Amino acid sequence: MARVYNFSAGPSMLPEKVLRQAQAELLEYGDSGQSVMEMSHRSKWFDAIIKDTEATLRRVMNIPDNYKVGFFQGGATQQFAMVPLNFMTTGKADYIVSGNFSGLAAKEAAKFGEAKIVASSKDKNFTYIPDVNAIDYDKDASYIHICQNNTIFGTQYVELPQVEGVPLVADMSSMILSKPVDVTKYGCIYFGVQKNVAPAGMAIAIIRDDLLGKAADNVSYFPQPCPTFLRVLHVSCRSHFRAAAFRAVRLSHCRANGNPAPLFPSYHR
């Protein structure tokens, strides 16, 4: 088989070693008598997989102990709603729109409060990143949201917005693990895994402890149709609250263990 180089805007390539390992485990994972896709998300086998995946991500990214790591079904676009539902405590937030995805995130957040677009590069078709030092931020904003790297337009932040008392939330879907990141500069980092980590179907969020447990008052376990949108509930259960995206978690695990080089690919949005 002649493998192709895939530079599409969707899922990127996986290392052949990881794919062959997944193929070998399709019928049975270890001595479990079942495929990873069949086992309980609370089984000892899957518990070991997800704990080791988190531990490896923490080591590679140097994630401090005061940050939680959550594995969520769905992609980064689902996080566009989870961010305001969990973090918009003052009823408003600042958004910098530098491309398609940051624009969609701001549009989604506007359903839950005031999503103020404090800067945008739409005037020049998103061919530049707004000067983060020239923006009039709202000191009462619950957070500042950016999409740090833009697939369609090929731009990336060099400087980050840093406002005292206002956490930075960043969508890093297409740049995650492509270079070292100082996690302490962010309140929350989230990303869909399909660009640089694993197959589509899962997002990972890295959240500072002090931001958890502050979901909007009008979002409760019942009668909301999607209670797992509450990050504190999901993270407190170590991502075991409901059945996980097993294949994506396991392939994230495979890629992180024994395949360190592919964690820093050249693919960017």
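Nothing in this text is a laboratory measurement; each read-out follows from the coordinates by a stated rule. What you are looking at is a predicted structure, and each value in this text was computed from that prediction instead of being measured. Glycine also receives a Cβ, built like all others from the backbone with ideal geometry; neighbour counts cover every protein chain displayed.
Of Lys92/Lys122; Lys17/Lys44; Lys68/Lys124; Lys51/Lys111; Lys51/Lys107, which sit over 28 Å apart, Cα to Cα?
From Lys92/Lys122; Lys17/Lys44; Lys68/Lys124; Lys51/Lys111; Lys51/Lys107, over 28 Å: Lys68/Lys124; Lys51/Lys111; Lys51/Lys107.
With labels modelled as points extended 7 Å from the Cα through the Cβ direction, what inter-label distance (nm, one decimal) is found for Ser12 paired with Gln162?
In this crude spin-label approximation the distance works out to 2.6 nm.
Taking 35 Å as R0, compute the FRET efficiency from the Cβ-Cβ separation of Gln23 and Asn66 and round it to 0.05.
So the FRET efficiency works out to roughly 0.35.
Provide the packing ranking of 141-153, 65-77, i.e. peptides ordered by the mean count of other C-beta atoms within 10 Å per residue, highest first.
The densest-packed peptide leads the list: 141-153, 65-77.
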